[in-house]
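The values are calculated or read from the model by the stated rules, or taken from the named source; none is laboratory data. Just so it is clear, the structure is predicted and the values come from calculations on it, not from any experiment. Virtual Cβ from ideal backbone geometry, glycine too; neighbours counted across all protein chains shown. For the accessible areas, the whole protein counts, side chains as well, though only heavy atoms, and no ligand, DNA or RNA atoms are used. Shrake-Rupley method; radii C 1.70, N 1.55, O 1.52, S 1.80 Å.
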Amino acid sequence: MIDGEGPFRQAHVDPLAGLRTAEDPPWDVYLTGTVFLDIIFTGLDSAPVRGTESWARGMGSSPGGVANMATALARLGLKTSLAAAFGDDHYGEYCWDALEQGEGIDLSPSRTVPGWHSPVTVSMAYEGERTMVSHGHEPPHEEPAPDCPPRARAAVASLTPGIRAPWIAQAASRGTRIFADVGWDDTGRWDLAGLADLAHCEAFLPNAEEAMRYTGADCPRAAAHALAEHVPLAVVTLGSDGAYAVDGRSGESAEVPAIAVEALDPTGAGDVFVAGFVMGTLADWPLADRLAFAGLIAALSVQEFGGSLSAPGWSEIAAWWRRVQSVDDQDPAALSRYAFLEGLLPEVTRPWPLRRAVPTIGFGRSA
């Protein structure tokens, strides 16, 4: 286990409390995809060297893959439902329990597949970077999504060039707001028309390189404006420069700089950013506040190891806010950017940083 002060019980915050009605769908966010078992080695002094043995000072295990996004959403207080296949091995059992019992994620659309080996990723974190090795078999034919996704306020999808995911159109037709990201286009075509499901999306959140390649723009901001002609809301992440967004309906744009932090492990930071933006959108926050919040929690996540392990909850966010307010010579303008957090955050009694111990496999089920 990574050195820490033990598990930290999260304060419960419902960011949508003032918006809920009896007619709401049962879930705030729906996701589907592949769950990996992540095994994270930490405390490496350098990258492994061929022909040698490296020892890590820390190790932990957690659900990964789409579980990173699901965990980030659930820790922000959103009612989250996940459809995924789980192996009937110990890895699958561990991931199921960690998500359902540990994070409160609804797994009723998920299923256990007899004889299917759970996908595994080994991640080695060093010098603020990571190297990963994964293993897995072809997922069952029914995955990655069921035919009829449950009713939800929003869904998060990963678009694949040239491939439609029928559940996206089905969900959108029932009023679900679709937030989409995209991976690297291995075909090299970078054809925006190939992202057929983009037509059903409310928001598209690529990184700067992806946005420029898909639009042919020479800068990320121009790419965001070009994307806003195809999707109502275009959000382009700029890495250490923050994020830029354009609302194609209103013409509004917003840019928020990143928070400078010492990154231990960037695994899952993009998922945390998307989760924060989804939450802010569902809560009807101003565009700039959504960007600021998403960037903040992504910055908090890279200061912890692991994907789903590093997703911050409201207790961590509150502790950070109290801490930065107490720093001498703090820039008032920088503080004012996050003043919208006041009134939303819970009281905290422990100082920043809040370190969480990393769980592992093998101690048996808790009662």
Residues of segment 61-79 classified as surrounded by fewer than 24 Cβ atoms within 10 Å (Cβ to Cβ) and β-branched (V, I, T), total: 1
Residue tally, condition at pLDDT 90 or above, open to solvent by 80 Å² or more (accessible area, probe 1.4 Å) and part of a loop (DSSP other than H, G, I, E, B), over segment 134-154: 1
Cross-chain or 6+ apart pairs with Cβ under 9 Å, segment 317-337 first and farther than 13 Å from F293 by Cα and free of Cβ contacts under 8 Å to residues at least 24 places away in the same chain, then among the small types (G, A, S) and part of a helix (DSSP H, G or I): V324/A334
Selection status of A196, in contact with a Lys or Arg (Cβ under 6 Å, 6 or more places away or on another chain) and surrounded by 16 or more Cβ atoms within 10 Å (Cβ to Cβ): yes
Residue in segment 160-167 that is modelled with pLDDT under 95, within 22 Å of the chain's Cα centre (by Cα) and in a helix (DSSP H, G or I) present: yes
Restricting segment 75-87 to residues that are part of a loop (DSSP other than H, G, I, E, B) and among the hydrophobic types (A, V, I, L, M, F, W, C), the residue that is nearest to the chain's Cα centre (by Cα): L76
Pair list, Cβ < 6 Å and 6+ apart or interchain, from segment 162-173 residues that are of a type in the set (G, A, S) to residues that are outside any helix (DSSP H, G or I) and modelled with pLDDT of 95 or more: A171/A155; A172/I178
Checking P312 against (1) part of a helix (DSSP H, G or I); (2) open to solvent by less than 10 Å² (accessible area, probe 1.4 Å); (3) under 21 Å from L82 (Cα atoms); (4) not small (G, A, S), the condition it does not meet: (1)
Test: residue in segment 66-78 that is more than 22 Å from A154 (Cβ to Cβ) and either in contact with a Ser or Thr (Cβ under 7 Å, 6 or more places away or on another chain) or at pLDDT 90 or above (or both): no
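Yes/no matrix, rows are residues, columns are (1) in contact with a strand residue (DSSP E or B) (Cβ under 6 Å, 6 or more places away or on another chain); (2) in contact (Cβ under 8 Å) with a residue 12 or more places away in the chain; (3) farther than 22 Å from F41 by Cβ; (4) surrounded by 19 or more Cβ atoms within 10 Å (Cβ to Cβ):
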site: S81; (1), (2), (3), (4): yes, yes, yes, yes
site: D106; (1), (2), (3), (4): yes, yes, yes, yes
site: T112; (1), (2), (3), (4): yes, yes, yes, no
site: S118; (1), (2), (3), (4): yes, yes, no, yes
site: Y126; (1), (2), (3), (4): no, yes, no, yes
Looking only at segment 88-104, and only at residues there that are within 19 Å of the chain's Cα centre (by Cα) and of a type in the set (D, E), the one that is least open to solvent (accessible area, probe 1.4 Å): E103
Residue count, segment 88-133 (criterion: under 18 Å from T71 (Cβ atoms), part of a strand (DSSP E or B) and among the acidic types (D, E)): 1
Some residue of segment 267-277 being over 18 Å from A180 (Cα atoms) and surrounded by 17 or more Cβ atoms within 10 Å (Cβ to Cβ): yes
Of residues in segment 283-309 being open to solvent by 10 Å² or more (accessible area, probe 1.4 Å) and in contact with a strand residue (DSSP E or B) (Cβ under 7 Å, 6 or more places away or on another chain), the one modelled with the lowest pLDDT: F305
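Residues checked against (1) closer than 18 Å to R290 by Cβ; (2) at pLDDT 95 or above:
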{"site": "H200", "(1), (2)": "no, yes"}
{"site": "A217", "(1), (2)": "no, yes"}
{"site": "H230", "(1), (2)": "no, yes"}
{"site": "V236", "(1), (2)": "yes, yes"}
{"site": "S240", "(1), (2)": "no, no"}
{"site": "G270", "(1), (2)": "yes, no"}
Hits in segment 168-192 - residues which are open to solvent by 10 Å² or more (accessible area, probe 1.4 Å) and in a helix (DSSP H, G or I): A169, Q170, A172, S173, L192
Residue check, D106 more than 17 Å from F273 (Cβ to Cβ) and at pLDDT below 95: no
